[in-house]
Amino acid sequence: MTDGLRVTGLHKRFGDIEALRGIDLEVPRGQLVGFLGPNGAGKTTTMRGVLGLVAMDAGKVSWDGRPMTEDDRHHIGYMPQERGLYPRMMVHEHIAYMGRLAGLDRAAADKRAHQWAERVGLADRGGDLIQELSTGNQQRVQLAVALVHEPALLILDEPFAGLDPVAVATLSEVMEEQVARNASVVFSSHQLELVQDLAEHVTIVAAGETQATGTVTELRGRSPVRHFEVHWAAETPDWSPPNGSRRDAPPRTSRFVVPADTDAAVLIADAATYGDVAAVSFEPPGLDEVFLELVGQ
Amino acid sequence: MVKEVAWREIRTRARTKSFKWITGILVAAAVAGPVIATLVPDNVTEELREVTIGLVGVDQGVEDQILAFTKGGLDVTFQDLSGLSSAGVEQALSDDDVDLVLEPGPTLVWDRAKDYEVAAAVYAVLQQQELLVKGRALGLDQGDITELLTPAAVEERFANEADASEGVTIFVSFLGLMAAFMLPQIFGQLTLMSVVEEKSTRVIEVLLNHLRPRTLLMGKVLGVGALAVLQLVVVVSGLTAALMLTDFVEIPPSVWRFVPVILVSILGGLAIYNTLFALLGSLISRQEDASQVMMPVFIPLMAGFFVGQVAITGNAESVLVRALTLFPLTAPMLLPLRVARDAIAPWEVALTLTLLAFGVWLLVRIAGRVYEFTLLHTGSRIGWGQLVRLSRGATLD
């Protein structure tokens, strides 16, 4: 039994298109999970399925070890991929309204709206209409709307898209704060470096199926290849490992992709017979390469 | 939650410039109408025609008698022409200084044409004087003469007696018909645009995270409907206040008898049409498609309005009027005016209101069902065939 969100075997067909063909996703409480996949992989449909916006053909969505109920869904904070705000509502009014819909009383909703407007850096724009804000500031409002009721589960669909670095930093901080208060946070993003920095766990989906899930370290470790890099003290000698392929490298550096089961010590010893080795690194590929390997692109 | 959604609709729509302007203009028109209408009759219709009668050697008592006969019909003044020659009298007539001259004889002198209204009054006076003289000559005493001159007691009656309140009744019926015709159109379209806005801005995804589609639908219909009622109340209050303050017309008590029916009908009309417009709004994702999808709704609205216009002054009990009164989409326009004209039986009123309530309930159920599947649909418009299938319980692919 898992505390938090557990999605198993989600299937969904839209006419002739099989959008989901068995999606599994786990977002335990107090954890930040990156939900990755190429366009059309089924991320948004899965999120909508969790929210109950789209009825699934098969599969289970459970919360804290039991089937998710409508009441549980009131405790979800959702930030959709295509932002959804009323253009002619004022910032504070909008945040408070969503708080009211999520079940807060009027006083609590007002108080939280002030707090969240301040937290996302819009304290002085509370009386402005949404349509008067820049796209970046509208996204800040969207974040405040998703968080005003302090949800137990936070679902963010492409939250970093179009944000400036300052807003990215704010959003990252807020997400970590939510994890710290034991919320389950799942987000999708195509900015894999950001995901690697933020998320401890990731789930990668492609063509409607879950391809891999685990910690970033685990997924990188599961790669069938390693990156072997040698920094030479002098000119780069004409050396390459017997079963490696060369990659572009700056002067006095050699980079190779070698099978994961390669003995690094043997490689280093062999390289040292060709030149003076200043430093070496033997690492699994980054999340971006792991992602490409898994989704077959 | 329904209250929250409704309240948001009221707040955000009521503060738009267009709503404020339209309400302001309607109130101004409602107040200005009776005020202007009160001012105009004072200057025109209540002014009496002026007539000047020239007198040549006639007793003073004749003036008083002519004035008594013409009171309320003519504004008569007299001019003493006793010093003038016959040519001078004719010159006074030619110069329009006087309209006629009464000379001894008695003789009436006109310029070119005879004014029969003035002549009738003068003849009556001269006739009385003649009777007085002859009565005295016959030795009758004053009491007999007075008895003789007492006018006959004539009673009058009309085949089609005009009811003093009929004009007001027709006016109020017409206002009710206009309100039942215009309000669902204006505020129904507002409801539709509100649904399309929620779909096109994708805020619907966030809303449905917390709300059932039916809750959202009910809140929207009630909120926009309340706004329509608010506008109506403000405008009618202005009109009623203006009517009472200006004393332009007296509102007969019979009007208050059918005002509740007008209000109930308008509320029913707003409920059924707002729901219908919301349902149609959920079929599209772009405002550009709105006119196409709204078209069918105008058919019953126009039918009710035109049949209602005829029924206000014409036959309010024809088969067509009676049939359309029972149909929930036209009932809000026809029921009030038939009640106003006393052209409907109590059981028909009860049946109409029951059918209207049932129509609203049924439509809300169907719309709630369809709403669940159409709100998140984007892209091309959902066709009528798909709509029928959805309303029967099918799902969208």
Could we say that B:T146 is farther than 27 Å from B:G54 by Cβ, more than 49 Å from the chain's Cα centre (by Cα) and surrounded by fewer than 17 Cβ atoms within 10 Å (Cβ to Cβ) here?
-> yes
Select from the stretch A:174-191 the residues that are surrounded by fewer than 20 Cβ atoms within 10 Å (Cβ to Cβ) and farther than 20 Å from A:E26 by Cβ and list them in ascending order.
-> A:E177, A:H190, A:Q191
Residue hits (the stretch A:267-287; surrounded by 13 or more Cβ atoms within 10 Å (Cβ to Cβ), in a loop (DSSP other than H, G, I, E, B) and more than 33 Å from the chain's Cα centre (by Cα)) are A:Y274, A:G275
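Quick grid of which residues meet (1) assigned to a helix (DSSP H, G or I); (2) within 13 Å of chain A (Cβ to nearest Cβ):
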| residue | (1), (2) |
| --- | --- |
| B:P184 | yes, no |
| B:Q189 | yes, no |
| B:I204 | yes, yes |
| B:H210 | no, yes |
| B:K220 | yes, yes |
| B:V224 | yes, no |
| B:L227 | yes, no |
One residue from A:A272, A:A260, A:A278 being outside the structural domain of A:I204 (by TED's automatic domain parsing), closer than 27 Å to A:H190 by Cβ and at pLDDT 85 or above | A:A260
Only one of these conditions is not met by B:D80: (1) surrounded by 14 or more Cβ atoms within 10 Å (Cβ to Cβ); (2) farther than 30 Å from B:L26 by Cβ. Which number is it?
-> (1)
Checking A:V145, A:V141, A:V120 in turn, the sole residue that is free of Cβ contacts under 8 Å to residues at least 60 places away in the same chain, within 14 Å of chain B (Cβ to nearest Cβ) and among the aliphatic types (A, V, I, L, M) turns out to be A:V141
Flagged pairs (Cβ under 6 angstrom, 6 or more apart or on separate chains; first in the stretch B:1-13, facing chain A (nearest Cβ under 10 Å); second among the polar types (S, T, N, Q) and assigned to a helix (DSSP H, G or I)) are B:M1/B:T215
Any idea how many residues of the stretch A:229-266 are in contact with a His (Cβ under 8 Å, 6 or more places away or on another chain) and in a loop (DSSP other than H, G, I, E, B)?
-> 1
Hey, A:R83 within 11 Å of chain B (Cβ to nearest Cβ), under 26 Å from A:T44 (Cα atoms), without any contact (Cβ under 8 Å) to a residue 12 or more places away in the chain and not acidic (D, E) or not = no
Of all residues making up the stretch A:51-74, the number that are within 10 Å of chain B (Cβ to nearest Cβ) and out of contact with any helix residue (DSSP H, G or I) (no Cβ under 7 Å at 6 or more places or on another chain) = 3
Quick one: is B:R286 surrounded by fewer than 21 Cβ atoms within 10 Å (Cβ to Cβ), in contact with a Gly (Cβ under 6 Å, 6 or more places away or on another chain) and not hydroxyl-bearing (S, T, Y)?
-> no
So which of B:T107, B:T77, B:T52, B:T38 ends up being hydroxyl-bearing (S, T, Y), more than 14 Å from every other protein chain (Cβ to nearest Cβ) and touching a helix residue (DSSP H, G or I) at 6+ places or on another chain (Cβ under 8 Å)?
-> B:T38
First in the stretch A:46-75 and at pLDDT 85 or above, second anywhere and in a helix (DSSP H, G or I) and small (G, A, S), Cβ under 6 Å, 6 or more apart = A:M56/A:G49
For A:R125, are the conditions met, namely being more than 28 Å from the chain's Cα centre (by Cα) and over 20 Å from B:N209 (Cβ atoms)?
-> yes
Unmet criterion (only one of (1) part of a strand (DSSP E or B); (2) over 11 Å from the mean Cα position of the chain (by Cα); (3) hydrophobic (A, V, I, L, M, F, W, C)) for A:V168 = (1)
Of the residues in the stretch B:15-24, how many are small (G, A, S) and within 12 Å of another protein chain (Cβ to nearest Cβ)?
-> 1
Residue, surrounded by the most Cβ atoms within 10 Å (Cβ to Cβ), within the stretch A:128-138, restricted to residues that are over 20 Å from the mean Cα position of the chain (by Cα) and touching a residue at least 12 places away in the same chain (Cβ under 8 Å) = A:I130
Are there any pairs with C-beta distances below 6 angstrom linking a residue in the stretch B:272-293 that is in the same structural domain as B:W384 (by TED's automatic domain parsing) to a residue that is modelled with pLDDT under 85 and outside any helix (DSSP H, G or I), with the two at least 6 apart or on different chains, and if so which?
-> B:S282/B:L375; B:L283/B:R381; B:L283/B:I382; B:I284/B:R381; B:S285/B:T378; B:D289/B:R381; B:V293/B:L283; B:V293/B:I284
Answer yes or no as to whether B:L26 is aliphatic (A, V, I, L, M), surrounded by 14 or more Cβ atoms within 10 Å (Cβ to Cβ) and without any contact (Cβ under 8 Å) to a residue 24 or more places away in the chain.
-> no
Test B:M193 against the stated conditions and say whether it is under 19 Å from the mean Cα position of the chain (by Cα), within 20 Å of B:S18 (Cβ to Cβ) and either modelled with pLDDT of 85 or more or within 14 Å of another protein chain (Cβ to nearest Cβ) (or both).
-> no
Going through the stretch A:157-177 one residue at a time, which ones are touching a strand residue (DSSP E or B) at 6+ places or on another chain (Cβ under 9 Å) and without any contact (Cβ under 8 Å) to a residue 60 or more places away in the chain?
-> A:F160, A:L171
Just name the residue that is nearest to the other protein chains (Cβ to nearest Cβ) out of those in the stretch A:26-50 that are touching a helix residue (DSSP H, G or I) at 6+ places or on another chain (Cβ under 8 Å) and crowded, with 22+ Cβ neighbours inside 10 Å.
-> A:R48
Considering only the stretch A:9-23, state which residues are away from chain B (no Cβ under 14 Å) and either on the phi < 0 side of the Ramachandran plot or among the hydrophobic types (A, V, I, L, M, F, W, C) (or both).
-> A:L10, A:H11, A:L20, A:R21, A:I23
Identify, from the list A:A183, A:A152, the residue that is of a type in the set (A, V, I, L, M), modelled with pLDDT of 90 or more, touching a Pro at 6+ places or on another chain (Cβ under 7 Å) and assigned by TED's automatic domain parsing to the domain that holds A:G34.
-> A:A183
Residue satisfying condition, being of a type in the set (A, V, I, L, M, F, W, C) and without any contact (Cβ under 8 Å) to a residue 40 or more places away in the chain, within set A:A271, A:A264, A:A234, A:A279 | A:A264
Consider B:A153 against the criteria (1) within 30 Å of B:I272 (Cβ to Cβ); (2) free of Cβ contacts under 8 Å to residues at least 24 places away in the same chain: it satisfies all of them except one. Which criterion is unmet?
-> (1)
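The values are calculated or read from the model by the stated rules, or taken from the named source; none is laboratory data. A quick note: this is a predicted structure, and the numbers were derived from the prediction, not measured. Positions of Cβ are backbone-derived with ideal geometry, glycine not excepted, and every protein chain shown enters the neighbour counts.
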